[in-house]
Every structure is written in structure tokens, then in C-alpha cells.
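The values are calculated or read from the model by the stated rules, or taken from the named source; none is laboratory data. Owing to the predicted nature of the structure, the values given are computational and were not obtained by experimental measurement. As a convention, Cβ positions derive from the backbone with ideal geometry for all residues, glycine included, and neighbour counts pool all protein chains shown.
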Amino acid sequence: MRANRSPLIVAALLVLGLAACNKTAPGVATDADMSLGNPQAKVTVIEYASASCPHCARFNNDVFPAFKAKYIDTGKIHYVFREFLTPPMEVAAAGFLTARCAGKDKYFSALDAIYRGQQAMFQSQDYHGALLRVAQSEGLSEDQFNACVSDEASIKALNDRVGKAEKDGIDSTPTFLVNGKKLIGEQTIATLSAAIDAAQAGS
């Protein structure tokens with residue numbers, strides 16, 4: 001990735017300081033969030049995750065498909081995904097910028113591709129090439145991809161989202177909020193189901 005590293009370095013500007021954000025309750029979805037499922041559902045599950053987090057990738061690859069089928073596709077919950085950055089932060093940032101540039105309707109498919117290719121990306125250390133292939137699979141050209149991960153307005157918006165998460169007390173990924181109840185670390189269907197059942201019962 002030597003010759004093509006500059007877009008990722010631009011994204012690394014995120015770690016230099018976090019901008020102030022408007023105060024919003026952690027459990028309330030905003031227009032900046034990516035979400036799936038029924039916004040009117042009694043239960044909201046918020047996941048804070050990083051595109052460079054192996055634990056988040058494992059949850060995405062091994063647990064999320066069944067979780068989505070059981071709770072999201074059936075309209076039982078409103079699922080909200082919130083972006084966070086873990087090392088290597090420039091890779092996490094570029095991954096999220098790539099998914100955002102794919103478009104709201106393709107965001108989760110792009111993120112899924114990043115997670116499923118994460119291990120190979122880390123082994124090869126060809127971060128630019130790996131993310132470019134994801135972008136191209138979602139219809140972006142190489143020029144569009146390079147512009148996407150270098151766009152200052154998009155970087156600032158991501159910076160603001162991460163700053164908000166830190167102000168809400170998030171310091172590791174994955175972290176889940178089930179109607180405000182915090183679950184830290186990788187979760188199974190069983191642990192998520194227990195928390196969702198309790199939330200539906202009002203406890």
C-alpha cells in the first residue's frame with residue numbers, strides 16, 4: 001500500500017482531536033445513524049463497532065445474520081449501528097468512509113464485505129487495495145473511492161460521530177445498548193435475546 005497510502009493517512013486526521021457535538025441521549029437514534037428494522041419497535045438495539053475491530057468482525061460474520069433474521073427482518077427491534085474507531089484508526093476511518101460513500105442503501109453490504117475481508121486485509125496489509133475492491137463492488141470507481149476517503153467534510157462528520165460516542169461513555173467495541181442497557185464485548189444470540197426479552201417485558 002506504499003504508493004496508495006495517502007487517502008488513509010488523510011483519514012487518520014481523525015485521531016488528532018474530537019470536535020464538540022450536540023448532546024443527545026445515547027439511546028436515541030439520530031439522522032446520522034445507520035439503521036435497520038422497525039423504527040417504531042418497542043426495543044432499540046444500538047451497536048457501537050469499529051471497522052478494524054476483529055471482535056466486531058466476528059460478531060458480524062458469525063452472529064449478526066441469525067440476529068438479523070430473528071429480530072430485524074421480523075420488525076421486532078430497531079437496530080442502530082454507530083461508528084467507533086479502534087487501531088489502526090486510519091483503516092477503521094477509511095472503512096466507514098467507504099461504506100458511507102457506497103450510499104445509505106448499500107452501507108451495510110459494504111460494511112459486511114469489509115468485515116468478511118478484514119482478516120485477509122490485515123494479513124496482506126494492503127488496506128487501500130482491499131477497501132478499493134469493496135468500493136468497486138458497490139459501484140464506485142477508484143477516483144471516487146480516493147476522493148471519498150480524503151473528503152474533509154466526511155472526515156469531520158465521522159469525527160463528530162466518534163466524539164459523540166466517546167462523550168456517551170463508549171470506550172471499547174463492540175458495545176451494545178438494548179433500550180439503554182449496556183452489554184460490552186462480543187454477544188451471542190442467547191445474551192442478546194435475554195436482554196431483548198427483558199426490554200420487551202419492560203424490566
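Could we say that Asn60 is in contact with a strand residue (DSSP E or B) (Cβ under 9 Å, 6 or more places away or on another chain), surrounded by 15 or more Cβ atoms within 10 Å (Cβ to Cβ), more than 16 Å from Glu186 (Cα to Cα) and not β-branched (Val, Ile, Thr) here?
no
When only residues in segment 69-97 that are over 19 Å from Ala165 (Cβ atoms) and either within 15 Å of the chain's Cα centre (by Cα) or hydroxyl-bearing (Ser, Thr, Tyr) (or both) count, which is surrounded by the most Cβ atoms within 10 Å (Cβ to Cβ)?
Tyr71
Restricting to segment 83-98, name every residue that is assigned to a helix (DSSP H, G or I) and either charged (D, E, K, R) or without any contact (Cβ under 8 Å) to a residue 60 or more places away in the chain (or both).
Glu90, Ala92, Gly95, Thr98
Condition test on Thr188, is it touching a helix residue (DSSP H, G or I) at 6+ places or on another chain (Cβ under 7 Å) and at pLDDT 95 or above?
yes
Identify the residue in segment 175-203 that is surrounded by fewer than 17 Cβ atoms within 10 Å (Cβ to Cβ) and in a strand (DSSP E or B) and, among all such residues, is farthest from the chain's Cα centre (by Cα).
Of everything passing the filter in segment 175-203, Lys181 is farthest from the chain's Cα centre (by Cα).
Mind listing whichever residues of segment 159-169 are buried (at least 18 other Cβ atoms within 10 Å of the Cβ) and out of contact with any Lys or Arg (no Cβ under 8 Å at 6 or more places or on another chain)?
Asn159, Val162, Lys164, Asp168
Provide a single number: the residues in segment 103-144 that are among the hydroxyl-bearing types (Ser, Thr, Tyr) and in a loop (DSSP other than H, G, I, E, B).
1
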